[in-house]
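Inspection log for the structure reproduced underneath, given as structure tokens.
Please treat every number below as a calculation from the coordinates, not as lab data. What you are looking at is a predicted structure, and each value in this text was computed from that prediction instead of being measured. Cβ: placed from backbone, ideal geometry, glycine included. Neighbour counts: every protein chain shown.
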Amino acid sequence: MLLRAIKSIYHKELDTSYGTQEVASFFYLLIAHFLKLERFVLAIEPELVVSKEDETVLFKALSDLKQQIPVQHIIGETEFMDLTFKVSPDVLIPRPETEDLVRWIIDDYQQVAKTDLKILDIGTGSGCIPISLAKYMEGVAVSALDISSDALAIAQSNAAENEVAIAFYQGDILEGASTMPITSNLNVIVSNPPYVRELEKKEMQTNVLEHEPDIALFVSDKDPLVFYRAIAIFAQKNLADNGSLYLEINQYLGKEMLSLLREYNFKDIELRKDIFGNDRMVKAVFRG
């Protein structure tokens, strides 16, 4: 079958659900992953015919997309900070907004001797944050915590694939991460914890609601800052003097986050917007 004919079928079947541009992006990701073809292949070979085996793979992927399965789960991986990360329904799929949080840390510590830095990521999921920091800040001591053993298995695999050393620990930050042999005097604590309120579910896409872990996404409407409060308390005990806390936050709760951090005596608090103009991340400094 002609590859361009399969592409046309993708658009016919999926454009209403996803939009033309996103469907084209899906198609090119899939042919790159499964067929090892560049995205411009149809411009060079418009009459390219694919094998029956490849045709079957692409139509299976089409069926999965129609069921709202994320394309990252179909291919089993995604890109983050120009690195490749395995993903599954056990971990949150890394988002571009989180890259901005990682870049903020990298930029802030550009002129600092990396061998002097100790960084902890809380709620690591796929490991995209600590692995990226270890990759681009060579020499730092990076550790990561998650409550899920399944998530940690994926994160450990991703660390190995990206050739970085991360100390992974299983524990619950809501219980003070008491099972983690924390070394105090951390220079950086970073986290992208659950922050989506139940009331916001109606704004979310089906492919997120049905195929990404609730434990990594949702908090109760009654106490949406529960994880941030626990992280702030933990940070007070484990950050070095002038250590920094970096957090991805709920876009609707920027003011509430600033108030919480002031309540716990953090200083030099800075709120930043994401590429869409939403309050998305905050930095605060601890002075003991």
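Under the simplified labelling scheme, the I233-D150 pair shows an inter-label distance of 2.8 nm, with each label point 7 Å from Cα along Cα→Cβ.
Taking Cα pairs under 8 Å and at least six residues apart, what relative contact order does segment 65-202 come out at, in percent?
23
Estimated from helical segments only, the mean residue ellipticity of the chain at 222 nm is -12500 deg cm²/dmol, where each DSSP H run of four or more residues counts as -39500 (n - 2.57). With a sphere of radius 15 Å drawn around the Cβ of R39, what net charge do the other residues whose Cβ falls strictly inside it have (Lys, Arg +1; Asp, Glu -1)? With Lys, Arg at +1 and Asp, Glu at -1, the net is -1. Its Cα gyration tensor gives segment 1-148 an equivalent ellipsoid; the semi-axes, largest first and in whole Å, are 37, 16, 13. Taking K and R as +1 and D and E as -1, what net charge do the other residues with C-beta under 15 Å from the C-beta of A159 add up to? Counting the neighbours of A159, the net charge comes to -4. Counting beta carbons within 10 Å around each of D121, D214, D64, D146 and listing the fewest first gives the order D214, D64, D146, D121.
Could you list log10 I(q)/I(0) for segment 3-67 at q = 0.16, 0.23, 0.26 Å⁻¹, which the Debye formula gives when each Cα is one point scatterer? Each listed q corresponds, in turn, to -0.47, -1.00, -1.28. Within the set of other residues whose C-beta is less than 12 Å from the C-beta of Y228, count the net charge using Lys and Arg as +1 and Asp and Glu as -1. Combined, the nearby Lys, Arg, Asp and Glu give -3. In segment 80-286, what % of DSSP beta bridges are antiparallel (nearest 5)? Given both bridge residues lie in segment 80-286, the antiparallel proportion sits at roughly 40 percent.
Between V41 and I9, how high is the FRET efficiency from 1/(1 + (r/R0)^6) when r is the Cβ-Cβ distance and R₀ = 22 Å? Nearest 0.05.
Plugging the Cβ-Cβ distance into 1/(1 + (r/R0)^6) gives 0.85.
Under the simplified labelling scheme, the D64-D214 pair shows an inter-label distance of 2.4 nm, with each label point 7 Å from Cα along Cα→Cβ. Ordering of 48-55, 92-99 by packing is 92-99, 48-55, highest average first (other Cβ atoms within 10 Å, averaged per residue).
Sparse packing (at most 16 other Cβ atoms within 10 Å of the Cβ) combined with a DSSP loop state is found for the following chymotrypsin sites (Phe, Trp or Tyr not before Pro) in segment 25-89: F40. What separates the Cα centres of segment 228-288 and segment 21-73 is a distance of 41 Å. The Cα atoms of the chain cover 67, 41, 32 Å along the three principal axes, with the biggest extent listed first.
When the chymotrypsin sites (Phe, Trp or Tyr not before Pro) in segment 251-288 are filtered for DSSP coil states and for at most 12 other beta-carbon atoms within 10 Å of their beta-carbon, the remaining sites are F276. Viscosity 1.567 mPa s, temperature 4 °C: Stokes-Einstein D of segment 140-288 from its Kirkwood Cα radius, in µm² per second? So the translational diffusion coefficient is about 79 µm²/s. Relative to the dominant Cα principal axis of the chain, helix 20-34 is inclined by about 90°. Between D172 and R95, the simple label model (points 7 Å from Cα in the Cβ direction) yields a spacing of 2.6 nm.
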